[in-house]
2 protein chains.
Amino acid sequence: MGNLRIVLVEPQTAGNIGSVCRAMKNMGIHDLAIVGARDYDENRVLTLALHARDIWHNALRFPDIDAALEDCVFSAGITRRRGKFRKYFSLLPEEFAKRISAIESGTVAAVFGREADGLRDDELARCSVAVHIPSSPDFPSLNLSHAVQIICYELFRCRTPSSVTFQPIKRRDVDKVAATIVDNFDAIGFFKQDEKDEVRIFFHDILTRAALSAKEAKRIEKMFRKMAGIKLHKE
Amino acid sequence: MGNLRIVLVEPQTAGNIGSVCRAMKNMGIHDLAIVGARDYDENRVLTLALHARDIWHNALRFPDIDAALEDCVFSAGITRRRGKFRKYFSLLPEEFAKRISAIESGTVAAVFGREADGLRDDELARCSVAVHIPSSPDFPSLNLSHAVQIICYELFRCRTPSSVTFQPIKRRDVDKVAATIVDNFDAIGFFKQDEKDEVRIFFHDILTRAALSAKEAKRIEKMFRKMAGIKLHKE
């Protein structure tokens, strides 16, 4: 599997770099490159990096974007604008994640611009593709480390797909739970008139809307059986 | 469409609150609730909130989690642990986003715990479901505002689905581009031997791998036609 390098072009604050380190390591991404000669307050970086200090210590410094991308097989400029040397399209974060997941080996770069004004046109032109993070037109500009978080999260999800965690029970199983409920009500003489079927449908509808898991369904059946058992012993 | 409320339970730092405001507004989410009686340095909040100051100014304060959830129709505790009063399952962020997008009206809460140790068991027990953000086992704990960013981003994407931005051209269109290239090479007498077909396949393979957009394909054809035109006029 290819390696993702996060490239920060002239980041302005040490705090943002620390937050980027944490956002990266949270998603299992370790290769950080910083473009520019600025000095950063290391204490501030480390305070925000927390357990991701290794990423700061191993970060590579480059004089310009070309040097940072030299050994990369693919690169994406994360930007809201298309630039003057415009790209013909801009990928969504998940499209970018899918595309780089298909690259077998080598380093892929995700290039982030300055906090205040992003990537310059000539910098975007050096990237293979543009990627944009959808956001609200009222305040579209994300904090640098939050943008890194979304890109790294999408890649992490693509690489280590969590199977959908929740699978509601099927109709025939809901039928069974609803039947168990009314049968056990019936066993204790709950129904005085001919309402058993209506009550069954009442519970069936509610349980279907709740989208029960198999464990929850089992537990409900168990509770109603237990309830009927207790009542009968008392009589 | 329902309204998403971000509930922060006893957040420790003003900076995190400001970053949460920004992360929310970036994704068009405006309803913030803060549980607990702690005082926060307003200047620090506003510095990080940037253009999301309105979210801080309109934030509601509650003495406890029950008060914050009282008028909600659904609530999710964002947590890595399942708690003692354990939930039977924990949803992925996108599953949570889909589920709340199906709720027509009313307020849905996403409840985030303290920076240092998250939600307590009794707090998680008050939420309708648990939601977990997949992360690396090496450093699984996200910064508070970064966790909020991911949840808000997933909801934003669910509410305002961007159509997949990139559609590569079909094989018959790649055929056409490759044919245009070799036909125009042919027109200027480029081929000395019988290699035209091999060169066509060479370009065809590369262009297919590049997954061209329609605009890029059109532009390549235009360039090769122009090249042949220039050459032929000069002779």
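The values are calculated or read from the model by the stated rules, or taken from the named source; none is laboratory data. What you are looking at is a predicted structure, and each value in this text was computed from that prediction instead of being measured. All Cβ positions, even for glycine, are placed from backbone atoms using ideal geometry, and neighbour counts span all protein chains on display.
I'm told A:ILE201 meets every condition in (1) in a helix (DSSP H, G or I); (2) under 44 Å from the mean Cα position of the chain (by Cα); (3) surrounded by 14 or more Cβ atoms within 10 Å (Cβ to Cβ) except one. Can you identify the failing condition by its number?
(3) is the only condition that A:ILE201 fails.
Only one residue in A:GLN149, A:GLN167 is assigned to a helix (DSSP H, G or I) and under 28 Å from B:ILE150 (Cα atoms). Which one? Give the steps one after another, and end with the answer.
Numbers: A:GLN167 fails: assigned to a helix (DSSP H, G or I).
Checking each option against the conditions leaves just A:GLN149.
Considering each residue of region A:133-146, count those that are more than 8 Å from chain B (Cβ to nearest Cβ) and either outside any helix (DSSP H, G or I) or β-branched (Val, Ile, Thr) (or both), and give that number. Show your work before the answer.
The first filter runs over region A:133-146 and keeps only residues more than 8 Å from chain B (Cβ to nearest Cβ), leaving A:137, A:144.
Then keep just the ones that are either outside any helix (DSSP H, G or I) or β-branched (Val, Ile, Thr) (or both); that gives A:137.
Selection size over region A:133-146: 1.
Which is away from every other protein chain (no Cβ under 14 Å) and among the aliphatic types (A, V, I, L, M), of A:LEU4, A:LEU8, A:LEU48? Break it down into steps so the answer makes sense when it comes.
On the way: A:LEU4 fails: away from every other protein chain (no Cβ under 14 Å); A:LEU48 fails: away from every other protein chain (no Cβ under 14 Å).
A:LEU8 is the lone residue from the list that is away from every other protein chain (no Cβ under 14 Å) and among the aliphatic types (A, V, I, L, M).
Conditions tested, residue by residue: (1) without any contact (Cβ under 8 Å) to a residue 24 or more places away in the chain; (2) surrounded by fewer than 23 Cβ atoms within 10 Å (Cβ to Cβ).
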position	(1), (2)
B:ASP41	no, yes
B:ARG53	no, yes
B:PHE62	no, yes
B:GLU70	yes, yes
B:GLY77	no, no
B:ARG80	no, yes
B:PHE89	no, yes
B:PRO93	no, no
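May I ask you to verify whether A:ASP194 is more than 10 Å from chain B (Cβ to nearest Cβ), of a type in the set (D, E, K, R) and in a loop (DSSP other than H, G, I, E, B)?
On the way: more than 10 Å from chain B (Cβ to nearest Cβ): yes; of a type in the set (D, E, K, R): yes; in a loop (DSSP other than H, G, I, E, B): yes.
Answer is yes for this residue.
Among the numbered conditions (1) away from chain B (no Cβ under 14 Å); (2) in contact with a helix residue (DSSP H, G or I) (Cβ under 9 Å, 6 or more places away or on another chain); (3) at positive phi, tell me where A:ASP41 comes up short.
With respect to (1) away from chain B (no Cβ under 14 Å); (2) in contact with a helix residue (DSSP H, G or I) (Cβ under 9 Å, 6 or more places away or on another chain); (3) at positive phi, A:ASP41 is out only on (3).
What are the residues in region B:183-235 that are among the aromatic types (Phe, Trp, Tyr) and over 26 Å from A:VAL129 (Cβ atoms), if any? Explain how you work it out, then say what you get.
Step one: list which residues in region B:183-235 are among the aromatic types (Phe, Trp, Tyr), which gives B:185, B:190-191, B:202-203, B:224.
Matches in region B:183-235: B:PHE185, B:PHE190, B:PHE191.
Among the residues of region A:170-191, write down those that are in a loop (DSSP other than H, G, I, E, B) and charged (D, E, K, R).
Residue satisfying the conditions is A:LYS170 alone.
Restricted to region B:147-183, and to residues that are within 30 Å of B:LYS196 (Cα to Cα) and of a type in the set (Gly, Ala, Ser), which residue is nearest to the other protein chains (Cβ to nearest Cβ)? Give the derivation first.
So in region B:147-183, the residues within 30 Å of B:LYS196 (Cα to Cα) come out as B:167-183.
Next, from what is left, pick out any that are of a type in the set (Gly, Ala, Ser): B:178-179.
Numbers: B:ALA178: 19, B:ALA179: 21 Å.
Looking at residues that are within 30 Å of B:LYS196 (Cα to Cα) and of a type in the set (Gly, Ala, Ser), I get B:ALA178.
Could you say whether any residue in region B:108-130 is within 9 Å of chain A (Cβ to nearest Cβ), at pLDDT below 95 and surrounded by fewer than 16 Cβ atoms within 10 Å (Cβ to Cβ)?
Scanning region B:108-130, I find no residue that is within 9 Å of chain A (Cβ to nearest Cβ), at pLDDT below 95 and surrounded by fewer than 16 Cβ atoms within 10 Å (Cβ to Cβ), so the answer is no.
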